[in-house]
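The values are calculated or read from the model by the stated rules, or taken from the named source; none is laboratory data. As the structure is a computational prediction, the values presented were derived from the model and not from experiment. Neighbour counts run over all protein chains shown; Cβ positions are idealised from the backbone, glycine included. Each accessible area value is taken on the protein alone, full model and side chains, heavy atoms only, with ligands, DNA and RNA left out. Shrake-Rupley method; radii C 1.70, N 1.55, O 1.52, S 1.80 Å.
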Amino acid sequence: MFLKSLFLAICGFSAGGVIAAGLFAFITVIGVIPRLAGKTHTARFSRLYEDCIVLGAGFGNGAQLFGWRLFGGSPVMAVFGLCAGVFVGCLIMSLAETLDALPVMNRRLKLAVGFQFIILSLALGKCAGALTSMFTGIGN
């Protein structure tokens, strides 16, 4: 029984490590960290950004696996949700920029001006959907 549990634990940690390595490789390839550091003129903190992403992913995995609770309750979760949303938004925009999706979409829609409003409306719609899901419990 112990060997079976040990084998399953090793397989689980190995699979999680492979998936995490793939995600971090993806983030590195599309250049999220250097792009954020360049836009905010904080390139000297890029190593700190990378460390925070790795620590955040590790803490998130531990919280999911072991059911850890955060101190502070709802206010801490609100800050975490905001930070996670900003990160996902940056990740999506970096991917879109890397794939040159925005210029292609702009040409296909034949927009001369106002493209930033489309992006803003998509972000606000995502925010409204997340808040609706959080406060009404839909989707949980």
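Some notes on this structure:
- Pairs of Cα atoms nearer than 8 Å and 6+ residues apart set the relative contact order; for the chain it is 19 percent.
- Over the chain, equivalent-ellipsoid semi-axes from the Cα gyration tensor in Å: 33, 21, 17
- Per residue, in Å², the accessible surface of the chain once ligands and nucleic acids are set aside, probe 1.4 Å: 79
- Scanning the chain for chymotrypsin sites (Phe, Trp or Tyr not before Pro) lying in DSSP loops with no more than 13 further Cβ atoms inside 10 Å, the longest uninterrupted stretch between such sites is 72-140.
- Exposed loop sites were defined as trypsin sites (Lys or Arg not before Pro) in DSSP loop states (anything but H, G, I, E or B) carrying at most 13 other C-beta atoms within 10 Å; in the chain the longest segment without such a site runs 1-68.
- Our helix-only sum for the chain, with -39,500 (n - 2.57) per DSSP H run of n ≥ 4 divided by its residues, gives a mean residue ellipticity at 222 nm of -28000 deg cm²/dmol.
- Each Lys or Arg adds one and each Asp or Glu subtracts one; over the other residues with Cβ under 14 Å from the Cβ of GLU50, this totals +2.
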